[in-house]
Structure formats: C-alpha cells, structure tokens
Amino acid sequence: WKFMADLVEYGPEYFWKFKDGLGEPEPVEQISLVKSQQIPVKAMDINESTTAGNIDALTNLFRQMGVGSTAEESSPGCQDIGDHVTLVHGDLSTAERVESLRQSRSDETTSWRRFQSVVFVMGLFHLKMACADAIWKLYIQPKAARLDETCMMEHVAEIRPKETIKMGSKPGFRRMHEVIQHVGVVSRLDCWRLEVERVHKCSSLEEWAKLSPTWEDVQQIAKALTLNYVAGNNLSNIRSQPQQERDKQNENSLLLQRDCLLYEEITHAMNAGDIG
C-alpha cells in the first residue's frame, strides 16, 4: 500500500487520478472512536526526576481525584480503588522510576501502600521517538554506515546539504522524523523507476505514464516492489552467498527500505488507532 501511496501522491500527475481507489490500509484491529473525559488537575511543584518525586506526584494526583483506600486513615471520604488499576503513561525513564518506587514499597502491608494498582504503559509518542532514534543509530551515527554510496547519509546530503553535521551528531526527533519520511519516499519512487525500466523498458515514471498504465498495472508492480526491494525472510539466504557473489549495497538498501516502512507502519497505526 505504501509503495502505491507514494506513487499516487508524489509521482507524475497521471497517477493522481488513482487516489480515490487507493483508500486506506486494511486495519488489523482498530479501536472504536470514543469521547475521552479529561479532568484538569492543579499544578504541582514536584521534581519528577527522582523516585521520591514520582511517589509525591502520584500521591498528589490520587488525592486531587479523591481516589484512595478506605482502609487508610490518611484517605478519609475517598473512593476506594478496589481492584481497579491506574495506567501511568510516560517514557522509559518514567518506567524505571515507577518500577523503582514499587520495589521500594514492596514490603508495605497493603496493596495501596505498595502502589500495586499502578501499571506503567509506554507512551506511544515516546515509542515513536525510540524508533526514530534506532534508525539514526543504525544508518547514520556509525561512520561505517556512511561509506555506502546508497546509504541514508548520502540521501540526507542531497535533501538537507546544510544539516549533515547536525544529522551526524544530535538531529533531534522532529528532524529525524522528517528525514525518515522524505528519504523513504524518494527511495521508494526510485524503486518504481527501476522496476518500470525492467518491466516496461521505460527510462522514467513520466515515460511510463505516457503509456496510460491501469490501476491493475500499478498494483502488480507494487507487489513486485514489496517482494524484491524490501528485506524479507530470504535476507539470510542472500547474505549466506559467497562473498564474491554478494551485493552488499543492495542488501543495505533492502534493510533501509524495511526499517523505513516499519516506521511508516507504526506511524500510521498510531494515527489510525490500529492496535493490531
């Protein structure tokens, strides 16, 4: 689907007419749309960078919400949390501190004092940041990863020539997010060009558009692109070939396509609420 979406959205004008037929990716398990209730709380002058600060923050939030344990003298008139849980969202640092506070209270006599109802859930935006950082550490940060003529850094030098030093040191999430998307689109369109040249003997997508390909033609080539230009289960077999027969640049390109597409997949899943 992503290969076709790139062609329809960023390819020659002829393919724009297929936008209605493109649709959206088929959801695996899409959550239903519901209205969330949000309750503002008072500001807290608490240092959340420490375990003690997280304990104070959670205790303060529970107090403001009127939630606690009826067995505790310190929580008069509160609504007993019972068997319910409290989902706490955050980054990996928050996860470490929540786990630390639960361990530090593990010897307490009641589940409320042990913060047993607190369940940490990875914030999806922080997960997305971790994915972008992983791609940076794989394809840009190592100097050895920049030796390939088809590497990600070569693409960055073309589309962001004034930011190569910044990209090699600390690009930040927003810049890296845009690079992954832009490099992905450009490289996938180049895959279209190569496959069209192989199948239809056309030197460019514009030349192929003059032949008036049908939507079925587009779908057929998109399937071939997915099988031949993205790393799949057969990558280990490709790498097991004798050194003199291997095309390492192609192997690196296959891996880059795979990881960029996985990033696009998680981005779309988050936007569409597809938890499958």
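Quick rundown of the values:
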read-out	value
Those residues of the stretch 14-66 which are of a type in the set (A, V, I, L, M) and closer than 30 Å to S204 by Cβ, in sequence order	L22
Where Q37 falls short, out of the listed (1) closer than 22 Å to R188 by Cβ; (2) exposed (fewer than 12 other Cβ atoms within 10 Å of the Cβ)	(1)
Restricting the stretch 229-249 to residues that are surrounded by 14 or more Cβ atoms within 10 Å (Cβ to Cβ) and of a type outside the set (G, A, S), the residue that is nearest to L194 (Cα to Cα)	Y229
Matching option when the condition is more than 30 Å from A222 (Cα to Cα) and in contact with a strand residue (DSSP E or B) (Cβ under 8 Å, 6 or more places away or on another chain), among G77, G66	G66
The one condition in (1) at pLDDT below 90; (2) touching a helix residue (DSSP H, G or I) at 6+ places or on another chain (Cβ under 8 Å); (3) under 28 Å from R160 (Cβ atoms) that L235 fails to fulfil	(3)
Count of residues meeting criterion [more than 25 Å from E154 (Cα to Cα) and touching a helix residue (DSSP H, G or I) at 6+ places or on another chain (Cβ under 8 Å)] in the stretch 176-206	3
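The values are calculated or read from the model by the stated rules, or taken from the named source; none is laboratory data. All of these numbers come straight from a predicted model, not from anything done at the bench. Reconstructed Cβ throughout: ideal geometry from the backbone, glycine too, with neighbour counts over all protein chains shown.
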